[in-house]
Amino acid sequence: MFALLALVLVGQVALGWLFWTRSDELAADVANANAQTQRLALDVAGLATDVAGLEAASPVPNTGGSTGAATGLPDYPASGPDPAVGLTIPEITGIDHYTGEEIRLGVGDRATITMVWAHWCPYCQDELPMLQDVVASGALDGYDGVRIQTVSTFIDDSRPNPLGPYLEELALDVPVLVDDDGSIAAQLGMSAVPAWIVTSPEGEVLGRFSGAIGEESFLAVVADVQALVAEG
């Protein structure tokens, strides 16, 4: 009887050891998979020519809720294929804050990269000086098939860094269309900033992505868009 009980106890201990060992292995596998997923999500350097596949490089402040407009692009998805790719950008016109000239968003004689930003967004506050430095330095001089535009949206006077003084401080050399009521962001299907929309000269959406991407990845996007336009 005692021998049988001892055998049962030994078996239970062995099973318990196997269970915990396997649990540790599974936990390690999950941790490794999570680490790989994070590295992939942060890796914007491998963009190549697929601008639609660019992932966010940092957390993105969200304005909350869906922005989808009946006459605009579908909402930018949290994951999976972007339903806006291949669609035509809505016809949106406005006045450039700096020059007073009329802007037609995303349509023109060249492909367009449009940055959507908010004055209170810390990631936007990092990206905008980068954008200005790239333009002012002449780094885009070889990319005559691409133009840059921006949209300032989600204006909130109760938040830090008021828009008016900030625009004067920035003194951007790229157009800024001020979206006073958030309707332009809604038509573009974007509820988080910074956001980027790439369109062909005819206004076809080639890709959308969100997050702060930095100078190297931005220039990679510009080069890829130029190549796409050249390929027709």
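The values are calculated or read from the model by the stated rules, or taken from the named source; none is laboratory data. Everything numeric in this text was worked out from a predicted model, so none of it was measured. We place every Cβ from the backbone using ideal geometry, glycine too, and count neighbours over all the protein chains shown. Note: accessible area is taken over every heavy atom of the protein model, side chains too, but ligands, DNA and RNA are not part of it. Shrake-Rupley method; radii C 1.70, N 1.55, O 1.52, S 1.80 Å.
Peptides 145-152, 72-79, ordered by how many other C-beta atoms sit within 10 Å of their residues on average, highest first, read 145-152, 72-79.
Between amide H atoms placed 1.01 Å from N, distances below 5 Å from residue 151 occur with 115, 116, 117, 177, all of them 5 or more places distant or on a separate chain. Dipole magnitude for region 76-232: about 340 debye, using +1 per Lys or Arg Cβ and -1 per Asp or Glu Cβ, origin at the Cα centre. Secondary structure note: in region 66-151, about 35% of the DSSP beta bridges are antiparallel. The residues of region 111-232 present an accessible area of 36 Å² per residue when probed at 1.4 Å with all protein chains retained.
A 1.4 Å probe over all protein chains sorts 113, 155 by accessible area into 155, 113, starting with the largest.
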